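The values are calculated or read from the model by the stated rules, or taken from the named source; none is laboratory data. Since we're looking at a predicted model, the values are computed, not measured. Ideal geometry is used to build each Cβ from the backbone, glycine not excepted, and the neighbour counts take in all protein chains shown. What goes into the accessible areas is simple: the full protein's heavy atoms, side chains included, and nothing from ligands, DNA or RNA. Shrake-Rupley method; radii C 1.70, N 1.55, O 1.52, S 1.80 Å.
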Amino acid sequence: MSTVPAPDPDPTPRLRIGEAAAQAEMSTRTLRYYQELGLLTPSGTTAGGARRYSDADVARLHRIRHLRDLVGFNLTEIGVVLNAEDRLAEIRREWWAEPSRDRARELLQEALTINADLQQAVRAKMAGLREFLSGLEERAENVRRRLAEEDAALLA
């Protein structure tokens, strides 16, 4: 076991839903929807039942946006990724608690399996994107060919 892990974002639930939504550049409705889907659980609630969010919750919202906008995952796929990342975080916590050799080996094997599953999900997304790109390139080539034909017809 080598380096000490980086500190996690502040887990103290201090932000109201509107403040958390503003920091994440999302609507409060989106935060409620993500909670309904199980993608986000507010870190706390007030005695009156108002949601309270932590910096860690806001970081999770940014992660959801990244997975949605940049990677192209749908919300179901995002749920799978977040669950895997949550489990990897649990594995890291147990790892840093210095488990027995046998348990450490089990943790490492589980982490490798989760990583392989995530890699497969990304590869599948990339394959779909490559196919989409190939279709765009093919259509662009057809348009270039037709444009060249039109240019040649004008010169004739």
Query raised in the report: Rounded to two decimals, what ratio of Rg to Rh does segment 29-120 give with C-alpha atoms and a Kirkwood Rh?
Result: 1.05
Report task. On the protein heavy atoms, probe 1.4 angstrom, tell me the percent of accessible surface of the chain carried by carbon and sulfur. Result -> 54
**Report entry** Distant alpha-carbon pairs in the chain (separation over 29 angstrom), percent
**Finding:** 43
Query raised in the report: What 222 nm value per residue comes from the helices of the chain, counting each DSSP H run with n ≥ 4 as -39,500 (n - 2.57) and dividing by all residues, nearest 500 deg cm²/dmol?
Result: -24000 deg cm²/dmol
Report summary line: Env charge @ Arg16, Cβ radius under 10 Å, K,R +1 / D,E -1, value +2
**Report entry** Ala59 versus Asp102: modelled label distance in nm, points set 7 Å from Cα along the beta carbon direction
**Finding:** 3.4
Query - Hydrodynamic radius by Kirkwood, which averages 1/r over all alpha carbon pairs of segment 77-156, in angstrom - result: 16.6
Report summary line: Rounded to one decimal in nm, the spacing of the 7 Å Cα→Cβ label points at Leu155 and Glu90 is 6.8
Query - Per-pair calculated FRET efficiency, R0 = 22 Å: Leu70 and Glu137 via Cβ, rounded to 0.05 - result: 0.55
Report summary line: With +1 on the Cβ of every Lys and Arg and -1 on the Cβ of every Asp and Glu, the dipole magnitude of segment 25-156 about its Cα centre, in debye rounded to the nearest 20, is 360
Report summary line: Those helices of the chain passing the 20 Å axial Cα length cut-off and the mean Kyte-Doolittle cut-off of -1.0 (DSSP H runs only) are 75-96, 101-155
Report task. Would you mind getting me the FRET efficiency between Leu37 and Arg123? Use the beta-carbon distance for r and R0 = 25 Å, nearest 0.05. Result -> 0.55
Requested in this report: Please work out the average accessible area per residue across the chain, using the 1.4 Å probe convention, and give it in Å².
Outcome: 70
Requested in this report: Work through the residues other than Arg105 whose Cβ is under 14 Å from its Cβ and net out their charges, Lys, Arg +1 and Asp, Glu -1.
Outcome: -3
